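See below for the structure under consideration.
Rule-based calculations on the coordinates, nothing more; no lab input. Everything numeric in this text was worked out from a predicted model, so none of it was measured. All Cβ positions, glycine included, derive from the backbone under ideal geometry; neighbour counts span all protein chains shown.
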Amino acid sequence: MKLSSHHFRSLSSSGLPMAKMDPGSNSLMWFRKGLRIHDNPALEYAAKDSKHVYPVFVIDPRYMEPDPTAFSPGSARAGLNRIRFLLESLTDLDKSLKNLGSRLLVLKGEPSEIVIHCLKEWNINKLCFEFDTEPYYQALDDKIKSYASLVGIEIFSPVSHTLFNPAEIIQKNGGTPPLSYQSFIKVAGQPSWSSSCLSTSLSCLPPPGNLGSCTISEVPSLNDLGYEESEEQDERTPIRGGESEALRRLSESIADKDWVANFEKPKGDPSAFLKPATTVLSPYLKFGCLSPRYFYQCIQEVQKNVKRHTSPPVSLLGQLLWRDFFYTVAFGTPNFDKMRGNRICKQIPWDSNDELLAAWRDARTGFPWIDAIMVQLRKWGWMHHLARHCVACFLTRGDLYVHWEKGRDVFERLLVDSDWAINNGNWLWLSCSSFFYQYNRIYSPISFGKKYDPNGNYIRHFLPVLKDMPKEYIYEPWCAPLSIQTKAKCIIGKDYPKPVVSHDSASKECRRRLAEAYELNKKQNGTVSEEDLKKLRRKLEEDKIQESKSKRLKQKSIG
Ligand SMILES: Cc1cc2nc3c(=O)[nH]c(=O)nc-3n(C[C@H](O)[C@H](O)[C@H](O)COP(=O)(O)OP(=O)(O)OC[C@H]3O[C@@H](n4cnc5c(N)ncnc54)[C@H](O)[C@@H]3O)c2cc1C
């Protein structure tokens, strides 16, 4: 982690550096996230006093090109829904840039090599890109920055993907990130820009100059990238990419002032899919089609004009602060995305059961509530927060006892809003590996969804094989008598799987294992070794064998 970086430059009141540029200068605006025109300080600075601005997006083939060996359509790194969302966002950005007299220059290849080539070819004096905390970008940015400083190119890399500068919060907190939401809020205080005017529109941009030998293309289609688009609308996520769509959705959400004022999470119906219970702005925040600061100010504006409103952590504004909280902890925690070597993560001897993992991933657990959520993930790339809670808990500490990193990988691939800091942070949370430690509180895969949706409409929609199952059995179809299964045209074990575990005994076993693992972590005081985990795994297995032996003996003696 770097605590001092180029984005701590002296800033003018408009948030832009005070260095005066030569009017003949060439700027390269490197878009990665931050796919927007509004509140984009890097773009604004690129445009300032420049003769030519080159707006660039580099397609990294590893991220974008098809990988036929992956478990779902998409590239090696991302599912198709997210790739489509990104292409739609780029098309929208290109359109907006054209309206400003410019265009998006799309190039393909290893991003640092391409950008360095462009810097040389176009005689660039200043390079502007949004600061990013993700390890992928940190590594990339290090390469680019060392080249640029070697040849004297100015770099402007402002923080605009989050409300706060994670590095500053860590510094204020004495060099480590605050590890609870409350302490984060205390350290963070009010964002410095909260009541100042954010720049929300540019009226024109200097055009790109000569393109030299660089190979530029238009924004590609999925077909251009080598994908076959499914004709069936049903297969496609209803979430469309782009800044225009983000701003449309934002105004729709904030138009309902009472809804914003009374927003209270985790209240809200996770089974609502025709009109979701939350904003569904996460994919737009992930790619920066929407500025979190602009979103924040819009919520503030609503709150100013109502008598009463909810407060963080449950309010809508509080949700944005959760986002910043995870960004800060992720930035300041080495190996945040791993169990090993992660100082804030409990060391737990999870199972690596590929069959159970595949059943969960492919919506074949036999628990309709869990499987319907996993289908929504596959089809939409988005689910309600509590739905994510249920499936993450089920895979890890609730029922299947599979490593949280495996579930994280599936989410990382399939979510349209897949976000490195937030996804890892929430998997750490849900698996009781960090932040939250009440492992006795397990979501029931049967009764939790029933509270919100007793008729099982959500299940019927995402698992049509169960659409005719009577509501008495929709959450536990294996309990339906055969005559009812026949009438519903769904035989359990044939048309829809039997449950992969018995929830009662699996959750009891999970609690027992978690209790032992917590005890080990306490005893070893943060220094649990691979050997300690192996020993504990063996002990748990032996205990289990012993327990079933004595059960059998007891039954025999009763018999
Ligand atoms: C296991 C698990 C994995 C998750 N992975 C991701 C992920 O990869 N990307 C992602 O954006 N969210 C993730 N979340 C957090 C949360 O579920 C989503 O942000 C939220 O459901 C998105 O819907 P929304 O935009 O309607 O949220 P709203 O409730 O409308 O909230 C507005 C914004 O606040 C932020 N936010 C809301 N909840 C959280 C949270 N718990 N943590 C951090 N930020 C939050 C999001 O940016 C969201 O768009 C995950 C949650 C769980 C339990």
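Sorted by mean Cβ packing within 10 Å, highest first, what order do the peptides 294-302, 86-94, 427-435 take?
Taking the mean over residues of other Cβ atoms within 10 Å, the ranking is 427-435, 86-94, 294-302.
What does the net charge come to around Lys98 if you take all other residues with beta carbon closer than 14 Å to its beta carbon, with K and R at +1 and D and E at -1?
Net local charge, Lys98 excluded: -2.
Starting from the Cα of Lys98, draw a straight line to each of the lysines and keep only those under 23 Å, dropping any in the same chain fewer than 8 residues away.
Within the straight-line limit of under 23 Å, Lys98 reaches these lysines: Lys33, Lys48, Lys51, Lys108, Lys126.
Using helices alone, what [θ] at 222 nm do you get for the chain, with -39,500 (n - 2.57) per DSSP H run of 4 or more residues, divided over all residues and rounded to the nearest 500?
It lands at -13500 deg cm²/dmol.
For the range 20-127, what does the relative contact order come out to in percent, with C-alpha contacts under 8 Å and a separation of six or more? Intermediate values should be presented prior to the final figure.
Working: 153 pairs, mean separation 36.1, N = 108.
Relative contact order here is 33 percent.
Of all DSSP beta bridges in the chain, what percent run antiparallel (nearest 5)?
Among the beta bridges of the chain, antiparallel pairing accounts for roughly 15 percent.
Using only the alpha carbon atoms of the range 142-268, find the Kirkwood hydrodynamic radius as the inverse mean reciprocal pair distance, in angstroms to one decimal.
Every distinct Cα pair counted, the radius reaches 21.0 Å.
Any idea what the alpha-carbon Rg over 2.2 N^0.38 Å comes to for the range 499-559?
Computed over Cα atoms of the range 499-559, the ratio equals 1.41.
Counting alpha carbon pairs within less than 8 Å and at least 6 residues apart, what relative contact order, in whole percent, applies to the range 99-246?
Computed over the range 99-246, the figure is 35 percent.
Would you work out if the range 58-147 is rounded, prolate or oblate? Take a ≥ b ≥ c from the square roots of the eigenvalues of the alpha-carbon gyration tensor; rounded if a/c is under 1.5, else prolate when a/b is larger than b/c, oblate otherwise.
Oblate shape, in that a/c is at least 1.5 and b/c is the bigger or equal ratio.
How many percent of Cα pairs in the range 359-433 exceed 18 Å?
On the way: 763 of 2775 pairs.
Result for the distance tail: 27 percent.
Would you list Met64, Met383, Met29 from fewest to most Cβ contacts within 10 Å?
On the way: Met64 21, Met383 25, Met29 30.
Placing the least packed residue first, the sequence is Met64, Met383, Met29.
Can you give the extra length, in nm with one decimal, that the chain gains between Gln182 and Ser557 once fully stretched, where that is 0.36 nm per residue apart less the Cα-Cα distance?
129.4 nm
Binning at 5 angstrom from zero up to the longest distance, how are the C-alpha pair distances of the range 394-447 distributed in percent?
4, 20, 29, 24, 16, 6, 0
Tell me whether the range 251-310 comes out rounded, prolate or oblate; compute the Cα gyration tensor, take square roots of the eigenvalues as a ≥ b ≥ c, and use a/c under 1.5 as the rounded threshold.
Verdict is oblate for the range 251-310.
Across every pair of different alpha-carbon atoms, what Kirkwood hydrodynamic radius in Å does the range 92-213 reach?
17.4 Å
Sort the following peptides by mean Cβ neighbour count (other Cβ atoms within 10 Å, averaged over residues), highest first: 527-534, 157-164.
Per-residue Cβ counts within 10 Å, averaged per peptide and sorted highest first, yield 157-164, 527-534.
May I ask you to derive the relative contact order of the range 26-81, considering only C-alpha pairs under 8 Å and at least 6 residues apart, and to give it as an integer percent?
Relative contact order, the range 26-81: 29 percent.
Per 10 Å bin, what is the whole-percent P(r) computed from every C-alpha pair distance within the chain?
3, 16, 25, 25, 17, 8, 3, 1, 0, 0
What FRET efficiency comes out for Glu218 versus Gln438 if R0 is 41 angstrom and r is the Cβ-Cβ distance? Round to the nearest 0.05.
With R0 = 41 Å, the Cβ-Cβ based efficiency is 0.20.
Would you calculate the convex hull of the Cα atoms in the range 302-407 and tell me its volume per residue in Å³?
Once divided by residue count, the hull of the range 302-407 is 140 Å³.
Can you give the charge dipole size of the range 427-559 about its Cα centre, rounded to the nearest 20 debye, using +1 on the beta carbon of Lys and Arg and -1 on the beta carbon of Asp and Glu?
Magnitude of the dipole: close to 360 debye.
Please arrange Phe331, Phe436, Phe325 by counting, for each residue, the other beta carbons lying within 10 Å of its beta carbon, fewest first.
Going from sparsest to densest Cβ surroundings: Phe436, Phe331, Phe325.
Please give the FRET efficiency for Lys304 paired with Ser149, using the beta carbon to beta carbon distance and R0 = 51 Å, rounded to the nearest 0.05.
0.70
Taking square-rooted eigenvalues a ≥ b ≥ c of the alpha carbon gyration tensor, is the range 344-497 rounded, prolate or oblate, where a/c under 1.5 means rounded and, failing that, a/b exceeding b/c means prolate?
prolate
Determine, for Ser244, Ser548, Ser75, the number of other Cβ atoms within 10 Å of each Cβ, and report the residues in order from fewest to most.
Ser548, Ser244, Ser75
Over what distance in Å are the Cα centres of the range 43-103 and the range 308-352 separated?
Cα centroid of the range 43-103 versus Cα centroid of the range 308-352: 28 Å apart.
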